[in-house]
Amino acid sequence: MSKKLKIIGICGSASQNSGNLAILKFISECMKAEFDIQLIDDLAQFPHFRTELTTENTPEKISEFRNAVQEADGIIICSPEYVFSIPSGLKNVLEWCVSTTVFSDKPVALITASASGEKGHEELQLIMKTIQASFTEDSTLLIQGIKGKISKEGEILDQHTKIQLQDLVKSFNNLLR
């Protein structure tokens, strides 16, 4: 049996028990035989980005995050769209990584699950391209109308969405190997 891949799942939502977290939990459950997924679902714990602290006196929480990204085999980001953009907490942790190479050539899967999500999905891809993460069209997914596809208990109700997520994970897995 091959070694489990170390994956970090980042939930961009500022809401507890969001649909985005439910998606990451679904992926984690589906891939538990192949992936060891560490979920980061409270981005408010990270200090606000300050340019002067990117290389010296970097906050410990940020150093830990960067090290975790560096050591991971891959990253899955699942985020809603807020006001035609990505949420500020997600943008904040990504800004802390711009001056580093922790995302350079790192395989990523990018999921935007929101009411519409088109602009946020475009922005997330642009940011990840800027910090040189490795992804393909098949390792990205836009899920529109997410509230109607997930129960309040976090169960994915829409069969098509489940299939899309399974296909995304297969593409991501291929990117990892």
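Read the figures in this text as sums done on the coordinates, not as results from a lab. Values in this document were obtained by computation on a predicted structure and should not be read as measured data. Methodologically, a virtual Cβ is constructed for each residue, glycine included, from the backbone with ideal geometry; neighbour enumeration extends over all protein chains shown.
Data for the structure
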| quantity | calculated |
| --- | --- |
| Separation of alpha-carbon centers, region 1-46 and region 102-147, rounded to whole Å | 15 Å |
| Partners for K4 among lysines (Cα-Cα distance below 16 Å; same-chain residues under 8 apart left out) | K32, K170 |
| At R0 = 22 Å, FRET efficiency that the Cβ-Cβ distance of C30 and A115 yields, to 0.05 | 0.35 |
| Karplus (6.51, -1.76, 1.60) ³J(HN,Hα), θ = phi - 60°, over region 118-123, in Hz, Gly and Pro reported as x | 4, 5, x, 5, 4, 5 |
| Length added when fully stretched, L126-N92, from 0.36 nm per residue minus Cα-Cα | 10.7 nm |
| Zone of N174's modelled label, taken as backbone nitrogen in region 128-145 under 19 Å from a point 7 Å along Cα→Cβ | 134-142 |
| Mean separation of Cα contacts under 8 Å (6+ apart) over length of region 52-148, as relative contact order % | 31 percent |
| The chain, relative contact order in percent, only Cα pairs under 8 angstrom and at least six apart counted | 23 percent |
| Which labelled figure in [x] 24, 19, 15; [y] 30, 17, 16; [z] 23, 18, 15 is semi-axes √(5λ) of the Cα gyration tensor in Å, once derived from the coordinates | [x] |
| Dipole in debye (nearest 20) - the chain, about Cα centre, beta carbon charges: Lys, Arg +1; Asp, Glu -1 | 240 debye |
| Check: region 79-177 dipole with +1 on Lys, Arg Cβ and -1 on Asp, Glu Cβ, in debye | 140 debye |
| Which of P87, H48, F135, positive extreme of dipole for the chain (C-beta unit charges) | F135 |
| Segment D138-T58, length gained on full extension (0.36 nm per residue, minus Cα span) | 25.3 nm |
| Longest exposed-site-free window of the chain, the sites being GluC sites (Glu not before Pro) in a DSSP loop that have at most 11 other C-beta atoms within 10 Å | 57-152 |
| C-alpha long axis of helix 159-176 to longest principal axis of the chain, angle in ° | 40 degrees |
| Region 12-97: trypsin sites (Lys or Arg not before Pro) in DSSP coil with no more than 15 other Cβ atoms inside 10 Å | K32, R50 |
| Antiparallel content of DSSP bridges confined to the chain, in %, to 5 | 10 percent |
| Sequence-separation-based contact order of region 4-55, relative, with Cα cut under 8 Å and 6+ spacing, percent | 48 percent |
| Estimated dipole of region 23-62 in Debye, rounded to 20 [Cβ of Lys and Arg +1, of Asp and Glu -1, Cα centre] | 100 debye |
